Amino acid sequence: MPSDAVLAAPAVSAPVTATPVLRVSGLSVEYRTARGVVHALDNVSFELAPGETLGIVGESGCGKSTLARAVVRLLDPSAGTIRLGETDITHATRRRMRAARRDLQMVLQDPAASLDPRWTVGDLLAEPLEIHGIGSRAERRARVADLLDKVGLPPEAAQRRPHEFSGGQRQRIGIARALALEPKVVVLDEPVSALDVSVQAQILNLLTDLQRTLGVSFLFIGHDLSVVEYVSDRVAVMYLGRIVELGGRDSLWRRPAHPYTRALLDAAPRIDGPSAPAGPGLTGDTPSPYDLPSGCRFHTRCPIAADVCRRLAPAMQALSPGHHVACHFPDSGSEPPSMQSAINS
């Protein structure tokens, strides 16, 4: 995790009573290939409140980036609904999505791939304003200067091209472009994973400051648990296309209820040295997305799996207000009843 000396104070959690700015319900995405059907997302549901950051974590291939692209409608869902405020954008036409883009933007992992190298930064930042017919030419120039100032870049940066900037500076440009239309929701797909640790801290501080100032909501996709812990108000843990645990940051880190969440936290490096693991570690490899396990998808690697886990998929259940888990035996490392009975007898 970046040093405390360079990190700002964590964001304050958004009120849980606030009307969601984004509601995803039963979202599924399938890819049909020559080898078969890949169920990249399966029945994913969550809500995002105004000014809140929801972190999404999980191993590579769990569906995080697919979720990000589906939410902003770069991918078409196979099932489920996506509501942006009161507007259902699940199957919105290109014309309707164009209007929705004012409230829903995205920052990609590799900013260089999303910035046209032939354009100046000023043109890149002004383009969303021109597309949506916002302001006169002079007003757009002023808006570009304001955006550059917000992300910590000098006014003369508008005259330069993306290749003239460092990776961290390019990501600042990507963030400025995403904020040009003053969206309500920004999806951040691993926005700091390609940056040096010191630069990561600067970008995370920038995002925290922008959220405080603008009140924008973030859907933060990441694989670095320390980064996700720092920026998030709530965290959703994904495994093989499903959310297996969803809860407040502090609650989830203090008492992870799903064995997969515990294994992820145990695997994360600690700056204060090794400590006793919260539960048994993972065994085996992630199953093929072409041949998903029956019942609970995690049972092939779960250290406490019982027969019911192999037969039935666990439903999401509430452990406490705001903390939900999909596990037949949710607890901090408890044995399933069948094992407990054997031990007691």
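Values quoted throughout were computed directly from the atomic coordinates according to the rules given, and no laboratory measurement underlies them. Remember, predicted model here, so these are calculated numbers, not experimental data. Note that we place each Cβ from the backbone using ideal geometry, even for glycine, and neighbour counts take in every protein chain shown.
Residues Thr286, Thr19, Thr93, ranked from the fewest to the most other C-beta atoms within 10 Å, line up as Thr93, Thr19, Thr286.
Over the chain, calculate the relative contact order: mean separation of alpha carbon pairs under 8 Å at least 6 apart, over the residue count, as a percent. List each step's numbers first, then the result.
Details: 645 pairs, mean separation 70.1, N = 345.
The value is 20 percent.
Of the residues Val121, Leu240, Thr300, the one whose Cα sits farthest towards the positive end of the charge dipole of the chain is Val121 (charges of +1 on Lys and Arg Cβ, -1 on Asp and Glu Cβ, taken about the Cα centre).
Placing a label point 7 Å from the Cα of Ser193 along the Cα-to-Cβ direction, the residues of the stretch 70-93 with a backbone N closer than 17 Å are 70-72.
Remark: relative contact order (the stretch 142-259) = 18 percent; criterion is Cα-Cα distance under 8 angstrom and separation of 6 or more residues.
Please say if the stretch 80-196 is rounded, prolate or oblate, where rounded means a/c under 1.5 for a ≥ b ≥ c the square roots of the C-alpha gyration tensor eigenvalues, and otherwise the choice is prolate for a/b larger than b/c and oblate otherwise? Oblate, since a/c reaches 1.5 and b/c is not below a/b. Classify the stretch 130-228 from the C-alpha gyration tensor, please: rounded if a/c falls under 1.5, else prolate or oblate depending on whether a/b exceeds b/c. It is oblate, given that a/c is not under 1.5 and a/b is not larger than b/c.
Under the rule of -39500 (n - 2.57) per DSSP H run of 4 or more residues, summed and divided by the residues of the chain, what mean residue ellipticity at 222 nm is obtained, to the nearest 500 deg cm²/dmol?
Values: 12 runs with 110 residues, N = 345.
Computed ellipticity for the chain at 222 nm equals -9000 deg cm²/dmol.
If only the Cβ of Lys and Arg carry +1 and only the Cβ of Asp and Glu carry -1, the dipole of the stretch 109-231 around its Cα centre is close to 380 debye. Placing +1 on the Cβ of every Lys and Arg and -1 on the Cβ of every Asp and Glu, with no other charges, gives the chain a dipole of roughly 920 debye about its Cα centre. For Leu312 and Gln159, a Förster radius of 51 Å and the Cβ-Cβ distance give a FRET efficiency of 0.25, rounded to the nearest 0.05.
Please give the net charge around Gly168, taking every other residue with its beta carbon less than 14 angstrom from that of Gly168, where Lys and Arg add +1 and Asp and Glu add -1. Please report the intermediate quantities before stating the final value.
On the way: positive: Arg170, Arg172; negative: Asp110, Glu164, Asp196.
Net charge in that neighbourhood comes out at -1.
Of Val197, Val216, Ala138, which is farthest along the charge dipole of the stretch 122-241 in the positive direction, counting Lys and Arg as +1 and Asp and Glu as -1 at C-beta? Checking the options against the dipole of the stretch 122-241, the answer is Ala138. With a cut-off of 16 Å on the backbone N, the residues of the stretch 61-83 near the modelled label site 7 Å out from Tyr31 along Cα-Cβ are 61-71, 74-78.
Give me Arg96, Arg262 sorted ascending by neighbouring Cβ count inside 10 Å, so fewest comes first.
On the way: Arg96 14, Arg262 22.
Going from least to most buried by this count: Arg96, Arg262.
Bridge orientation summary for the chain: considering DSSP beta bridges with both residues in this region, about 60 percent are antiparallel.
What relative contact order, as a whole-number percentage, does the stretch 63-171 give when Cα pairs under 8 Å and 6 or more residues apart are counted? Provide the component values of the computation, followed by the final result.
Values: 82 pairs, mean separation 24.8, N = 109.
It rounds to 23 percent for the stretch 63-171.
Among Lys184, Lys150, the order by Cβ neighbours within 10 angstrom, fewest to most, reads Lys150, Lys184.
With a Förster radius of 35 Å, plug the Cβ-Cβ distance of Ile131 and Asp291 into 1/(1 + (r/R0)^6) and report the FRET value to the nearest 0.05. Walk me through the numbers on the way to the answer.
Working: r = 44 Å, r/R0 = 1.25.
Efficiency, from the Cβ-Cβ distance: 0.20.
By its C-alpha gyration tensor, with a ≥ b ≥ c as the square roots of the eigenvalues, how is the chain shaped: rounded for a/c under 1.5, else prolate for a/b larger than b/c, else oblate? Let's see the in-between values first.
On the way: a/c = 2.15, a/b = 1.69, b/c = 1.27.
Note, shape of the chain comes out prolate.
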